[in-house]
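Peer 1: Encoded as structure tokens, here's the structure I'll be asking about.
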Amino acid sequence: MATVSLILVSHSHNLARGVKELADQMANPHVQIVPVGGIVDERTGETVLGTDAVQIVAAIERCWSPAGVLLFVDLGSAILSAELALEMLPAAMREVCLISNAPLVEGAIVAALEASFERSLMEVNQAAEAVSKIQKIVRKPLGDVTG
């Protein structure tokens, strides 16, 4: 059976690679996780901060799965690049691609685990998005600090 693939879109090449490294620790090896981060500065050849819809399309094509492809994004323009990438895909592929509203790091880790259990695209995304409701630290009210 096919498994959901994951695309990690970040403005930072290093951040995307680091999230992949974490998610790989939770996933079975058959779950494809592809980082897409940064853009190449044509003047210097160095990777700088940014996102590129063409790179995202290439990543989707590289890890395509009929079970679907779930994209995670870090900041606003990454969302725009991911949306543009989906528009560039053939309709049949686009229908089983989804941009998650989950946090990049925690969402990708949970999604990697869920995809390992061969859950559907919607189930993987639902589990990933649910992590945004988990409180990391429970704090006591600070009270009045004005004076």
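Laboratory data are not the source of any read-out in this text; all were calculated from the coordinates shown. These figures come from a predicted structure and were not determined experimentally. Counting neighbours? That spans all protein chains shown, and the Cβs are built from the backbone with ideal geometry, glycine included.
Peer 1: Using θ = phi - 60° and the Karplus curve 6.51 cos²θ - 1.76 cosθ + 1.60, what whole-Hz ³J(HN,Hα) does each residue of region 27-37 get, with Gly and Pro shown as x?
Peer 2: These are the phi-based 3J(HN,Hα) values: 8, 5, x, 7, 7, 8, 10, 10, x, 10, x Hz.
Peer 1: Can you give me the distance in nm between label points at Leu84 and Ala58, each placed 7 Å from the Cα along the Cα-to-Cβ direction?
Peer 2: Computed distance between label sites Leu84 and Ala58 equals 1.5 nm.
Peer 1: Based on DSSP, what percent of beta bridges with both residues in region 5-133 are antiparallel, to the nearest 5?
Peer 2: Once the DSSP bridges in region 5-133 are tallied, antiparallel ones form about 15 percent.
Peer 1: Per residue, how big is the convex hull of region 5-133 when only Cα atoms are used? Give it in Å³.
Peer 2: Once divided by residue count, the hull of region 5-133 is 93 Å³.
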